[in-house]
1. What helices (runs of 4 or more DSSP H) lie completely within region 3-101 and have 3 or more residues being among the β-branched types (Val, Ile, Thr)?
2. If a residue must be assigned to a helix (DSSP H, G or I) and of a type in the set (A, V, I, L, M, F, W, C), how many such residues does region 137-164 contain?
3. Can you list residue pairs whose Cβ atoms sit under 6 Å apart, with the first residue in region 53-77 being closer than 15 Å to residue 130 by Cα and the second being assigned to a helix (DSSP H, G or I) and of a type in the set (D, E, K, R)? Count only pairs 6 or more apart in sequence or on different chains.
4. Taking into account only those residues within region 25-42 that are touching a helix residue (DSSP H, G or I) at 6+ places or on another chain (Cβ under 9 Å) and aromatic (Phe, Trp, Tyr), which is surrounded by the fewest Cβ atoms within 10 Å (Cβ to Cβ)?
5. In region 103-114, is there at least one residue being over 29 Å from residue 67 (Cβ atoms) and crowded, with 18+ Cβ neighbours inside 10 Å?
6. Starting from residues that are part of a helix (DSSP H, G or I) and polar (S, T, N, Q), keep the ones in region 103-136 and report whichever is nearest to residue 60 (Cα to Cα).
7. For region 98-116, which positions are free of Cβ contacts under 8 Å to residues at least 60 places away in the same chain and either closer than 13 Å to residue 164 by Cα or among the hydroxyl-bearing types (Ser, Thr, Tyr) (or both)?
Amino acid sequence: MDAETPVKHKFLESSDMTFQEVFDFAYQGLIPVLRGLGREFGQEHFASVLKDMVSRSALEAAQEAARQLPCNDFAAFKASAREPDRFGRHILTLEIVEDTPEAFEVRVTECLWAKTFRDLGAAEIGSMLICHRDYADCRGFNPRITMIRSKTLMQGDEFCNHRFVWE
């Protein structure tokens, strides 16, 4: 190694784990904690608080993501589904069902979150922790975007039907 090449810190090295292994590692330990909190605080109260925290977090993250772009219109929002990043390409399989200036519908036929939570018998937690945030993600990106969804892989449907409407 020459003197000009910076040394990468060990935390930044590749873990050589698959996306599935990363998800299993991340969620196998988290799910029992969340189940315990549900028992401790009561399922209804726990679900309400978790959904609220997830929504707030997603809203703030989407607002920050939108600020990083030159424009946060509907076209910019749709671009991420048309051209997902490396992470998105490896954890989701989707097809665009409709793409008009007023509506954008995506059918997700594979989702690593849904697979992971369902395999761990925790679809109800996955729905609150992962799926619920989708509503706030689009609102945070631009308040004129509304999501409508009636099916999710997490809940056992054959696909997720994310429909985004530009108001």
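Values in this text are rule-based calculations from the coordinates and carry no lab data. Fair warning: this is a prediction, and the values are worked out from it, not measured in the lab. Using ideal geometry, Cβ is built from the backbone for each residue, glycine included, and neighbour counts are taken over all protein chains shown.
1. Ranges flagged: 19-41.
2. Qualifying residue count for the region: 2.
3. 54/133; 58/133; 58/137; 62/137
4. Out of the qualifying residues, it is 41.
5. Within region 103-114, the first condition is being over 29 Å from residue 67 (Cβ atoms), and the residues that meet it are 107, 109-110, 114.
Still in the list and also crowded, with 18+ Cβ neighbours inside 10 Å: 114.
For region 103-114, residues over 29 Å from residue 67 (Cβ atoms) and crowded, with 18+ Cβ neighbours inside 10 Å: present.
6. 127
7. Listed by number, the residues that qualify are 99, 100, 105, 106, 107, 109.
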